[in-house]
Amino acid sequence: MERIAVERLRVGLWVSMEDVPGTGFLLRSEAQIATFATLGITHVWHEPARSEAEPLPATGPAEAAVSALPEAGGDGSAAFLAAESRPSAFDEEPAVAPPADALDAQRQSLDRCERRFSAVSRTFRTVLLNVRAQPEEAHALAAAEIGGMVRAMQREPDVAIRLLSEKAGQETALHAINVSVLSVLLARSMGFDEAFVQAVGLGALLHDIGKIELPDVMRGKGDSTNPTERRMFQSHVEHGRGLAGRMGLPEAAFAAVVQHHEAADGSGFPQGLRNEALHPAARIVALVNHYDNLCNPPNPIHAQTPHDAIASVYRKANAAFDADTLKAFVRMMGIYPPGSVLQLSDGRFALSVAVDPANALKPRVIIHDPAVPADEALVVALAERPELSIQRAIKPQALPRAALDYLKPRKRASFFIESRPPRA
């Protein structure tokens, strides 16, 4: 296998993206070649033995041949073990001016999170557009993004789950990104190795991929009382199985796609599997998928607050979800996840905006303070304010109008990873 510049590509070459050398595909059209330029990719891996043509002659200095790389295993794990990776939205960004003060640092951090969320949203949209015609390329693109997510966590181990504004990403990507972020964090908190964490993240991002084969009006019909609609909705899992197979997903990711609606008590679909038959990756994604569907249902009127969603999930500890996975999830999210509306011990109202998984019962909050403009309110780390405690969680509609306008609880909860949160 050798590394070549994209200028040398031609139809008939077998190539792999640089970050996933174990998952290649045959170039069949000039449009596929043009895709590399639009993604900003300058070099790819070329496998002569599987190619039907030779690369175009080099126009610059001779390119050094690269020693053979290990082939992908049957589980597709080589996609996550490449030494070099294409930058993703999670990788380091150009340096910016040091923050002038705590408020500036806070704004920079939030802006960085929202830019990253928006970039991942665009990538996911590209995956959806390519998955039917170019499944291997869609796999490579999604794997690169999840690889960047995990690298970011390794680089910045002190991460927080951050609540974002509704403008951060596209509606179609919101659920997939939420589930992938929370699943990666959960798998990591449970002590799984890097390859498994990345495979879980990939399966979580793609868990609903089969819905692209459903009519738009059917994609949110999971709770329909009409048997025909319910069967059609449930068919997205089988569609997902087919697409995941064509994409060549690793075992854990494939399992997450085909088992994300199964339940520990056998009440799930499509096979009614019980916990012992569920892949560990599917146990994680099924739980996180259920939680986010409670927070972000197809009809926002039915949305639960994150606090209520955690309580609802916990009540099913001995039924629908694996007990160990559920315990780890509650420890990670706390009982006041991002988006929870709170009343503090001093009577003031607050909005949980970030949870540190290492200190989940002490979220970081924005406190309603009429003396401070809303856009200048600092995030307060309750772990650093021993004089403040949480008295209770409340419904957003129970807030006084002034506090409601100030805190602006999200109608749809977008979650992302914030590294090294600024100190208030």
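The values are calculated or read from the model by the stated rules, or taken from the named source; none is laboratory data. None of these values were measured; they are calculated from a predicted model. As a convention, Cβ positions derive from the backbone with ideal geometry for all residues, glycine included, and neighbour counts pool all protein chains shown. Areas reflect the complete protein model, heavy atoms only, side chains present, ligands, DNA and RNA absent. Shrake-Rupley method; radii C 1.70, N 1.55, O 1.52, S 1.80 Å.
Given the criterion in contact with a Cys (Cβ under 8 Å, 6 or more places away or on another chain) and surrounded by 12 or more Cβ atoms within 10 Å (Cβ to Cβ), identify the matching residue among PHE416, PHE349.
From the options PHE416, PHE349, the qualifying one is PHE416.
Please go through the range 1-57 and give me each residue that is assigned to a helix (DSSP H, G or I), at pLDDT 85 or above and aliphatic (A, V, I, L, M), ordered by number.
ALA49
Go through the range 309-332 and give me each residue that's part of a loop (DSSP other than H, G, I, E, B) and either modelled with pLDDT under 90 or out of contact with any Ser or Thr (no Cβ under 8 Å at 6 or more places or on another chain) (or both). Please lay out each step first, then the result.
First pass over the range 309-332, keeping only residues part of a loop (DSSP other than H, G, I, E, B): 315-322.
Once the filter is applied, which keeps residues that are part of a loop (DSSP other than H, G, I, E, B) and either modelled with pLDDT under 90 or out of contact with any Ser or Thr (no Cβ under 8 Å at 6 or more places or on another chain) (or both), the range 309-332 yields ARG315, LYS316, ALA317, ASN318, ALA319, PHE321, ASP322.
What helices (runs of 4 or more DSSP H) lie completely within the range 190-308 and have 3 or more residues being open to solvent by 10 Å² or more (accessible area, probe 1.4 Å) and within 30 Å of ARG392 (Cα to Cα)?
Where helices (runs of 4 or more DSSP H) fall fully within the range 190-308 and carry at least 3 residues being open to solvent by 10 Å² or more (accessible area, probe 1.4 Å) and within 30 Å of ARG392 (Cα to Cα), they are 280-295.
Here are GLY148, GLY169: which of them is open to solvent by less than 30 Å² (accessible area, probe 1.4 Å), under 26 Å from GLU376 (Cα atoms) and either of a type outside the set (A, V, I, L, M, F, W, C) or modelled with pLDDT under 85 (or both)?
On the way: GLY148 fails: under 26 Å from GLU376 (Cα atoms).
Matching residue, one of GLY148, GLY169: GLY169.
With small (Gly, Ala, Ser), in contact with a helix residue (DSSP H, G or I) (Cβ under 9 Å, 6 or more places away or on another chain) and open to solvent by 10 Å² or more (accessible area, probe 1.4 Å) as the only criterion, which of ALA160, ALA119, ALA142 stands out?
Selected residue: ALA119, the only one of ALA160, ALA119, ALA142 that is small (Gly, Ala, Ser), in contact with a helix residue (DSSP H, G or I) (Cβ under 9 Å, 6 or more places away or on another chain) and open to solvent by 10 Å² or more (accessible area, probe 1.4 Å).
Listed here are the residues, each with its yes/no results for (1) basic (Lys, Arg); (2) assigned to a helix (DSSP H, G or I).
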site: LEU103; (1), (2): no, yes
site: GLN108; (1), (2): no, yes
site: ARG112; (1), (2): yes, yes
site: THR126; (1), (2): no, yes
site: ARG132; (1), (2): yes, no
site: GLU137; (1), (2): no, yes
site: ALA140; (1), (2): no, yes
site: LEU163; (1), (2): no, no
site: ASN178; (1), (2): no, yes
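Does ASP322 meet the test of being under 22 Å from LEU174 (Cα atoms) and of a type in the set (D, E, K, R)?
Values: under 22 Å from LEU174 (Cα atoms): no; of a type in the set (D, E, K, R): yes.
No: the conditions fail for ASP322.
Closer than 20 Å to ARG132 by Cα and either touching a Ser or Thr at 6+ places or on another chain (Cβ under 9 Å) or without any contact (Cβ under 8 Å) to a residue 40 or more places away in the chain (or both), is that true of SER224?
Spelling it out, it is not the case that SER224 is closer than 20 Å to ARG132 by Cα and either touching a Ser or Thr at 6+ places or on another chain (Cβ under 9 Å) or without any contact (Cβ under 8 Å) to a residue 40 or more places away in the chain (or both).
Among the listed residues ARG188, ARG132, ARG162, ARG151, identify the single one that is over 15 Å from the mean Cα position of the chain (by Cα) and among the basic types (Lys, Arg).
ARG132
Looking at (1) farther than 21 Å from ILE161 by Cβ; (2) in contact with a Pro (Cβ under 9 Å, 6 or more places away or on another chain), which is the only condition PRO215 fails?
For PRO215, the exception is condition (2).
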